[in-house]
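Only the coordinates and a few stated rules stand behind these numbers; no lab work does. Computed from a prediction, not measured in an experiment: that's the story for all the values here. Here Cβ is always computed from backbone atoms with ideal geometry, including for glycine, and neighbour counts include all displayed protein chains.
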Amino acid sequence: MIVLGVDPGTQVTGYGVVAEEGDSQPALIECGAIRPPVRRPLPERLLAIFEGVGGVIERTRPDVLCVEGVFYGRNVRTTVVLGHARGAVLLAAALRGVPVAEYPPAEVKNTVVGTGKAGKEQVAFMVQRHLSLKEPPSPPDAADGVALALCHLFSTRLGRERPQRGGVGRKRVD
């Protein structure tokens with residue numbers, strides 16, 4: 001199974017692609033960050049996110065895309081803008097027929113680290129350990145994307161994966 005985890009953001013969208021076959025240890029295929037153009041209007045940044053995630057999907061051909069569930073912050077404007085970024089990610093997956101699974105941030109941290117209150121450094125460290133990497137994925141947003149992918153793999157092993165939503169009627173072309 002190939003899983004793409006995406007941590008949406010309008011400044012940095014982190015992603016990680018992890019593969020697992022049978023009972024083997026998961027392996028990191030690719031991770032990185034999509035950096036929309038700074039100081040550009042929101043629609044242009046959303047287009048960059050959409051195209052960047054679409055490119056990752058086309059390169060890596062994931063079986064599922066995982067994204068954090070809706071985040072409720074104190075700053076309503078930030079929450080709404082992040083919702084737009086999530087929308088760009090979800091649209092990129094839907095148009096390519098890739099199912100989407102959503103996980104709450106605390107569940108991702110609990111599954112990967114062992115506590116739902118883990119900080120970014122703890123998440124990056126445990127991602128490094130789970131994948132036997134020489135160093136944690138960088139930037140931290142990429143480590144968060146990898147953590148989402150690992151959360152899905154570990155949850156699938158335990159039969160706790162989130163229901164997946166399909167695309168918008170397009171067939172996936174393999």
- Calculated from DSSP helices alone, with each H run of at least 4 adding -39500 (n - 2.57) and the total divided by the residues of the chain, [θ]222 nm to the nearest 500 comes to -14500 deg cm²/dmol
- Looking only at aspartates and glutamates whose Cα falls under 20 Å of Lys120's and that sit 8 or more positions away or on another chain, we get Asp7, Glu30, Glu68, Glu102, Glu107, Glu135, Asp141, Asp144
- Taking the Cα atoms of the chain, report the difference between the largest and smallest coordinate on each principal axis, in whole Å and largest first. 43, 38, 28
- Message: Within a 10 angstrom radius of the beta carbon, how do Tyr15, Tyr103 rank from fewest other beta carbons to most?
- Response: Tyr103, Tyr15
- Task: Determine, at each q value in 0.24 (inverse angstroms), the log₁₀ of I(q)/I(0) that the Debye formula gives when each Cα of the stretch 41-135 is one equal point scatterer.
- Result: -1.19
- Message: Under the 0.36 nm per residue contour assumption, what length would be gained going from the current alpha-carbon distance of Leu133 and Thr78 to full extension?
- Response: 16.5 nm
- In cubic angstrom per residue, the convex hull of the stretch 38-79 built on its Cα atoms measures 90
- Long-range HN-HN contacts of Gly9 with modeled amide H, under 5 Å: Gly14
- Using a 10 Å Cβ count of at most 13 others and DSSP loop calls, identify the longest part of the chain lacking such trypsin sites (Lys or Arg not before Pro). 75-116
- A correct fewest-to-most ranking of Leu4, Leu47 by other Cβ atoms within 10 Å would be Leu47, Leu4
- Note on the structure: Note on the chain: helices (DSSP H) long enough, at least 20 Å by alpha carbon along their axis, and hydrophobic enough, mean Kyte-Doolittle at least -0.5, are 42-60, 76-95, 140-157
- Message: Give the separation of the Cα centroids, the stretch 45-100 to the stretch 1-24, in Å.
- Response: 12
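Under a Cβ-Cβ cut-off of 10 Å, what is the net charge of the residues other than Gly16 that fall near it, where Lys and Arg count +1 and Asp and Glu count -1? Can you show the working numbers first?
Working: positive: none; negative: Asp7, Glu30, Asp141, Asp144.
Local charge sum for Gly16: -4.
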- Message: Can you find, among Leu42, Ala94, Val56, the residue sitting farthest towards the positive end of the charge dipole of the stretch 2-157, where Lys and Arg contribute +1 and Asp and Glu -1 at Cβ?
- Response: Leu42
